Amino acid sequence: MNNKQLVGVAVLSIGSVFAGCKGKQGNAGPSYTGAITGHIMLYDQYGTKVTTGLSGIVVTCYSPAQTTTTDAKGYYLFTGIKTGDYTMTVHDPNASPYTYGDNESVNFQYLADTLIKDVKLSAIPSFSPVSMTAFLSTATGNDSLVFTIAADTRVRDIIVFVNNNSTVNNLPANYLLTYIKSVPANATSVILLVPANDLHDQGINTGSTAYYAAYGYPVSDASIYEDITTGKSIYTSLSASSVTANAVAP
């Protein structure tokens, strides 16, 4: 019997002992009322903090739903919050000086007093790759992705989504892998190598086709959050357009 089996037997045995023991259920813990507050912080596509356009950002906390907006310093406040689990969404409708991706905090706990919860948003990039070429590199044993992009004096990022079919994009159901490629200042071309083992681990085996979609992506993305249904990341700060390609998996 291996260690995993022993653990399973131990848990089962303990569960069997207590299954028939039904003691009196204790009283519910105390419920408190207080506040959730914090600042919404904004960042441009280069990862630099933005200090303007901080007012009027819409913050919603639920359940039950309450909505407020930030002041000129990005400060928000909810009062009358009771002990429990909450979800918070943040949306900036201003589109000035940038348009920002939404953010969401799912199922966090408020217990008592004042909970300070700061939230960050990244700007949706104004750039995207011009083209992407994908091919199986026999020299490296990997898939190679070659991007062309307009030059910029500052460092930027490209994000690549990978799937096993032609429906490939940033939605959790439509990607298996993601890669982030840094684009050096003034560069007009970059190369990303996708390791064969990564593809194989996702069931994209030798000889099958890997599908790629690439977007402009903010440096140190702050708007990314987790989809609790799939456990994958949700990306809201991506360029409006993308480029796609496919290649045979090594």
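Taking the stretch 90-125, which residues are surrounded by fewer than 14 Cβ atoms within 10 Å (Cβ to Cβ), assigned to a loop (DSSP other than H, G, I, E, B) and either in the same structural domain as A213 (by TED's automatic domain parsing) or aliphatic (A, V, I, L, M) (or both)?
Hits for the stretch 90-125 are A95, L111, A112.
Only residues that are of a type in the set (A, V, I, L, M, F, W, C) and touching a residue at least 24 places away in the same chain (Cβ under 8 Å): list them for the stretch 52-88, please.
Across the stretch 52-88, the qualifying residues are I57, V58, V59, C61, L77, F78, I81, M88.
Tell me whether the stretch 18-26 contains one or more residues that are at pLDDT 95 or above, in a loop (DSSP other than H, G, I, E, B) and farther than 30 Å from A112 by Cβ.
Within the stretch 18-26, none of the residues are at pLDDT 95 or above, in a loop (DSSP other than H, G, I, E, B) and farther than 30 Å from A112 by Cβ.
Which ones in the stretch 55-74 are within 23 Å of Y43 (Cβ to Cβ), more than 23 Å from the chain's Cα centre (by Cα) and not in a loop (DSSP other than H, G, I, E, B)?
Residues satisfying the conditions are T68, T69.
Return a yes/no flag: does the stretch 52-64 have any residue that is aliphatic (A, V, I, L, M), out of contact with any His (no Cβ under 9 Å at 6 or more places or on another chain) and either buried (at least 16 other Cβ atoms within 10 Å of the Cβ) or farther than 13 Å from V119 by Cα (or both).
No, the stretch 52-64 contains no residue that is aliphatic (A, V, I, L, M), out of contact with any His (no Cβ under 9 Å at 6 or more places or on another chain) and either buried (at least 16 other Cβ atoms within 10 Å of the Cβ) or farther than 13 Å from V119 by Cα (or both).
For F161, work out the one condition from (1) free of Cβ contacts under 8 Å to residues at least 40 places away in the same chain; (2) within 19 Å of T133 (Cβ to Cβ) it doesn't fulfil.
Unmet for F161, out of (1) free of Cβ contacts under 8 Å to residues at least 40 places away in the same chain; (2) within 19 Å of T133 (Cβ to Cβ): (1).
Going by the conditions given, is Y212 over 13 Å from the mean Cα position of the chain (by Cα), hydroxyl-bearing (S, T, Y) and assigned to a strand (DSSP E or B)?
yes
The values are calculated or read from the model by the stated rules, or taken from the named source; none is laboratory data. Quick caveat: nothing in here was measured; it's all calculated off a predicted structure. FYI the Cβ positions are ideal-geometry reconstructions off the backbone, even for glycines, and counts take in every protein chain you see.
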